[in-house]
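Single-structure report; data block below.
The values are calculated or read from the model by the stated rules, or taken from the named source; none is laboratory data. Remember, it's a predicted structure, so these values are computed and weren't measured experimentally. With ideal geometry, Cβ positions are generated from the backbone for all residues, glycine too; neighbour counts draw on all protein chains shown.
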């Protein structure tokens with residue numbers, strides 16, 4: 001089997017945190033959250049029609065993105081993993097590592113008309129570790145390498161002792177089972193979706209909870225890396241500098257302008273992030289292959305200016321004869337976006353007047369904590385077209 005770039009890069013980063021290695025993941029696990037809208041809009045979609053790709057289309061895109069090899073990790077639902085990893089063996093000759101979403105807390109339940117995301121997140125896990133590893137409930141030891149041996153586990157802290165302790169008990173149970181079965185994981189921390197008490201400094205609240213949660217976890221039970229909402233340079237630097245053996249990654253959040261995506265990766269890397277997991281940004285782009293290629297260029301330092309990357313991406317669209325969603329000038333601006341499945345908003349600076357297609361968003365450095373919390377409460381409904 002081909003050596004996985006995830007393993008090689010993680011070893012390099014842990015040996016020298018200042019190295020230039022950077023991990024890029026394509027998050028194609030949205031069927032665990034978004035239902036009919038999860039695969040994204042169909043190319044034949046017209047406004048207000050609500051037409052989406054099929055799950056088969058979604059999986060075809062996964063096959064293509066794995067073949068092209070510009071990513072390091074492909075995150076999927078356990079059911080998609082069974083089809084592509086266990087059944088088709090598409091990762092056997094690829095350096096890309098397959099991973100499954102190992103739990104689905106209630107704040108990612110995005111059924112049309114549902115109110116789940118407005119209620120405080122509760123722990124829940126549909127996926128079975130053994131299903132991810134071998135496709136059945138009880139794997140023999142020799143069968144555990146048939147599927148994925150990596151999963152994403154998410155927690156959401158809502159500043160309530162009962163809610164948060166239940167979330168962490170669920171994580172503890174998962175860790176114990178995972179370690180016993182040789183199943184690795186990375187840890188996603190969602191911002192509060194329904195905070196039960198005011199939080200004066202959201203970035204510090206999340207960072208403190210991460211440090212406290214992992215302090216009691218010995219090496220074999222610890223996550224390979226973190227997936228956190230990007231809260232700006234100060235919060236990122238604080239978390240990265242706390243523990244050199246803790247590899248920090250960011251989640252992309254909802255779709256905005258192309259500059260939103262490219263600037264976020266560029267800035268997060270500048271302040272210490274070594275992983276980026278992009279789902280909606282990739283899935284909702286005009287041309288996924290070209291979009292991922294430019295994320296890769298920024299991650300590897302081939303392109304060092306986000307605005308230059310946007311211009312280059314538009315050039316690629318032109319060569320592919322694909323019409324961009326926005327004119328270049330608008331795509332060089334920023335928009336109000338969401339982080340995680342119920343997100344956080346930020347305004348980037350590109351030297352071009354920001355887009356106000358949705359609404360004005362304040363400069364991140366001047367945002368109050370209440371504004372950040374409000375940002376974190378926004379839902380995916382508009383983004384997914386639901």
note = For region 83-100, pairs from a residue that is under 21 Å from residue 130 (Cβ atoms) to a residue that is at pLDDT below 95 and in a loop (DSSP other than H, G, I, E, B), with Cβ under 9 Å and 6 or more apart or across chains, are 91/1; 91/2; 92/1; 92/2
task = Could you tell me whether any residue of region 321-333 is closer than 27 Å to residue 224 by Cα, in contact with a helix residue (DSSP H, G or I) (Cβ under 9 Å, 6 or more places away or on another chain), modelled with pLDDT of 95 or more and not in a loop (DSSP other than H, G, I, E, B)?
result = no
key: Cβ-Cβ under 8 Å pairs, at least 6 apart or on other chains, region 316-327 side without any contact (Cβ under 8 Å) to a residue 60 or more places away in the chain, far side exposed (fewer than 12 other Cβ atoms within 10 Å of the Cβ)   = 317/323
inquiry  = Going residue by residue through region 55-70, is there one that turns out to be in a loop (DSSP other than H, G, I, E, B), touching a strand residue (DSSP E or B) at 6+ places or on another chain (Cβ under 9 Å), touching a residue at least 40 places away in the same chain (Cβ under 8 Å) and within 25 Å of residue 166 (Cβ to Cβ)?
reply    = no
request  = Any residue in region 220-235 that's surrounded by fewer than 20 Cβ atoms within 10 Å (Cβ to Cβ): show its pairings with residues that are modelled with pLDDT under 95 and not in a helix (DSSP H, G or I) at Cβ separation under 9 Å, as long as the two are six or more apart or on different chains.
outcome  = 222/245; 232/346; 232/367
key: Residue among 174, 153 that alone is in contact (Cβ under 8 Å) with a residue 60 or more places away in the chain, surrounded by 14 or more Cβ atoms within 10 Å (Cβ to Cβ), within 21 Å of residue 251 (Cβ to Cβ) and out of contact with any helix residue (DSSP H, G or I) (no Cβ under 7 Å at 6 or more places or on another chain)   = 174
ask   = Which members of region 86-119 meet the condition of being in contact with a helix residue (DSSP H, G or I) (Cβ under 6 Å, 6 or more places away or on another chain), in a loop (DSSP other than H, G, I, E, B) and buried (at least 20 other Cβ atoms within 10 Å of the Cβ)?
value = 91, 96, 109
key: Hits in region 272-303 (condition: surrounded by fewer than 20 Cβ atoms within 10 Å (Cβ to Cβ), in contact (Cβ under 8 Å) with a residue 12 or more places away in the chain and not in a helix (DSSP H, G or I))   = 272, 284, 286, 287, 301
